[in-house]
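Below is one structure, written out as structure tokens; comments come after it.
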Amino acid sequence: MTADCTDTPDSGRPLWAPWRIDYIRGDKVDGCFFCEKAARQNDVADHIIARGVHAYVLLNDYPYNSGHLMVAPYRHIGDLADLMAEERAEIMELLVQSERLLQRVMCPQGFNIGFNLGQPAGAGVADHVHGHVVPRWNGDTNFMPVLGNTRVVPESLDATTELLREAWESGRSES
């Protein structure tokens, strides 16, 4: 599945992010959701896009932008330096594959890709290292995050999961 990246984004899409209120009002979960999701083997419901030998790719349940992916090792490790060489290599490869996937499917004009190591650096889960792949478009910083401290994601996580899982599989067959 490949998008036509010459199209301009539809400015008439609704501002809809119903899952944000659950996060804002809901109880915060104890434990590590990276470990829990990896162990459950319920990939579609957990928004897992692909699995490797040492790490996996998943949608961020509370994304900065539509298509915000994360890559995490299966092992509960808090720092890049503590990963085995094989884990580091696979994580990097999955980050690259995630960037290519999002480029093919969502046509972003740029990306933020990286790691937040430690709570002072912005890590929401400081004890389980994970990388972020955030697609960006010109003008995607608008009045919502500036004035309302809210980000708008115009597509449900389930729909984005289905789209990206199908594209990941079709991309593997093209390789």
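Bear in mind that the values in this text are calculations on the coordinates, not laboratory data. None of the values given here were measured: they were computed from a predicted structure. Glycine also receives a Cβ, built like all others from the backbone with ideal geometry; neighbour counts cover every protein chain displayed.
Suppose each label sits 7 Å from its Cα in the direction of the beta carbon; what would the Val53-Ser156 distance come out to in nanometres?
3.7
Could you calculate the FRET efficiency of Asp82 with Asp4 from 1/(1 + (r/R0)^6), where r is the beta carbon distance between them and R0 is 30 Å, rounded to 0.05?
Computed FRET efficiency for Asp82 and Asp4: 0.10.
Can you list the residues, at least 5 places off or on another chain, whose amide H is less than 5 Å from the amide H of Asn112, using H built in the peptide plane?
Val134, Arg136
Between Met92 and Ile113, 0.36 nm times their residue separation minus their Cα-Cα distance comes to what?
The span from Met92 to Ile113 would gain 6.5 nm if fully extended.
Near the amide H of Ile49, under 5 Å away, which other amide H atoms are found, from residues 5 or more places off or on another chain, if H is placed in the peptide plane?
Amide H neighbours of Ile49, under 5 Å, 5+ apart: Val57, Leu58, Leu59.
Specify whether the C-alpha gyration tensor of segment 81-136 places it in the rounded, prolate or oblate class, a ≥ b ≥ c being the square roots of the eigenvalues: rounded for a/c under 1.5, otherwise prolate if a/b is larger than b/c and oblate if not.
Since a/c reaches 1.5 but b/c is at least a/b, the shape of segment 81-136 is classed as oblate.
Give the calculated FRET efficiency between Glu36 and Arg100 to the nearest 0.05, with a Förster radius of 25 Å applied to their Cβ-Cβ distance.
For R0 = 25 Å, the calculated efficiency reads 0.35.
What order, most packed first, do the peptides 120-130, 102-112 have when packing is the mean number of other Cβ atoms within 10 Å of each residue?
102-112, 120-130
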